[in-house]
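Taking it in order: structure first as structure tokens, then the write-up.
The values are calculated or read from the model by the stated rules, or taken from the named source; none is laboratory data. Since the structure is predicted, the reported quantities are computational estimates derived from the model, not experimental observations. Here Cβ is always computed from backbone atoms with ideal geometry, including for glycine, and neighbour counts include all displayed protein chains. Quick note on the areas: whole protein, heavy atoms, side chains included, nothing else; ligands and nucleic acids left out. Shrake-Rupley method; radii C 1.70, N 1.55, O 1.52, S 1.80 Å.
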Amino acid sequence: MDTPMTPAPGGGGPDAAPRAAPKAKIRPGRIWYLVALLVLLGGVAWLVVGLLSLSSHVDSFPRVAIPAGGQITLDHSGDYVVYYEGPGAQSGQIPAFRVRVTPASAGAAVQNLRPYKSSVTYAFGSHHGRAVLSMRVGHPGRFSVETPGGGNVPVGSDLAFGDSIVGGVAGTVLPSGLLILAGIVGLVVIFIIRIVKSSRARSATPAWSPPGAPPGPPPADADPTPPPTAQPGPPPTPGAQP
């Protein structure tokens with residue numbers, strides 16, 4: 001006896017559902033999220049390391065107390081900046097006083113001392129300073145620092161001598177800011193591109209609907225013979241009795 005074979009679902013029969021096409025990969029891949037995140041973290045690390053290095057550099061400045069004064073050692077010739085550290089440094093409300101720097105060792109030489117022209121401040125730990133003077137040292141050595149009229153300066157104020165911190169701040173903030181910005185922009189752009197491409201891929205997938213049932217044989221109890229139709233009779237004869 002022959003048994004009709006019904007195609008298994010997913011086979012090649014007329015009622016079989018089409019096999020799903022493999023999902024297209026969305027570009028850029030998720031790995032690029034990691035790349036953008038690494039750029040962002042690199043910028044944060046640059047900022048932290050740079051600020052710690054700058055703070056350590058400021059801590060190393062030689063200092064004298066106001067109004068006591070004292071001696072400092074400057075180990076190279078060239079330009080120096082004199083920073084006031086104390087109350088009023090951030091706001092610029094610094095009591096008036098004078099600063100006198102004189103050589104205290106053989107060969108030491110200071111060429112000029114003049115007001116600082118720009119507004120530069122810093123705040124690292126307990127050091128809150130403002131640039132007040134610029135100074136050129138002709139030959140390194142020991143120098144005596146006096147502060148005539150410094151009696152009205154708040155107790156605990158100091159004068160710090162060092163190089164300009166402007167270059168260090170710019171070398172820390174600008175690269176780190178660019179890296180952080182690039183990382184954030186990269187994350188946002190990758191997210192938007194993936195969302196748009198995923199939406200387009202979903203809308204481009206055709207919808208599948210099962211085909212209609214194929215025509216089959218009539219039911220077994222149905223009479224295939226069409227019903228009889230009425231045939232017209234002969235016309236009646238005139239005068240005939242019914």
Selection count where residues are polar (S, T, N, Q), farther than 18 Å from Ala68 by Cα and open to solvent by 20 Å² or more (accessible area, probe 1.4 Å), scope the range 135-173: 1
Residue in the range 200-216 that is aliphatic (A, V, I, L, M), open to solvent by less than 80 Å² (accessible area, probe 1.4 Å) and modelled with pLDDT of 80 or more present: no
Subset of the range 92-108 that is of a type in the set (A, V, I, L, M, F, W, C) and outside any strand (DSSP E or B) - its residue that is nearest to Glu146 (Cα to Cα): Val99
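Quick one: count up the residues across the range 70-91 that are in a strand (DSSP E or B), in contact with a Gly (Cβ under 8 Å, 6 or more places away or on another chain) and of a type outside the set (Val, Ile, Thr). Can you show your working first?
Residues of the range 70-91 in a strand (DSSP E or B): 70-74, 78-85.
Checking the rest, the ones that are also in contact with a Gly (Cβ under 8 Å, 6 or more places away or on another chain) come to 73-74, 80-81, 83-85.
From the residues that got through so far, the ones that are of a type outside the set (Val, Ile, Thr) too are 74, 80, 83-85.
Here the count works out to 5.
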Test for Ala182: is it free of Cβ contacts under 8 Å to residues at least 40 places away in the same chain, open to solvent by less than 70 Å² (accessible area, probe 1.4 Å) and on the phi < 0 side of the Ramachandran plot: no
Count of residues meeting criterion [open to solvent by 40 Å² or more (accessible area, probe 1.4 Å), out of contact with any Gly (no Cβ under 9 Å at 6 or more places or on another chain) and either under 18 Å from Phe61 (Cβ atoms) or of a type outside the set (Val, Ile, Thr) (or both)] in the range 102-131: 9
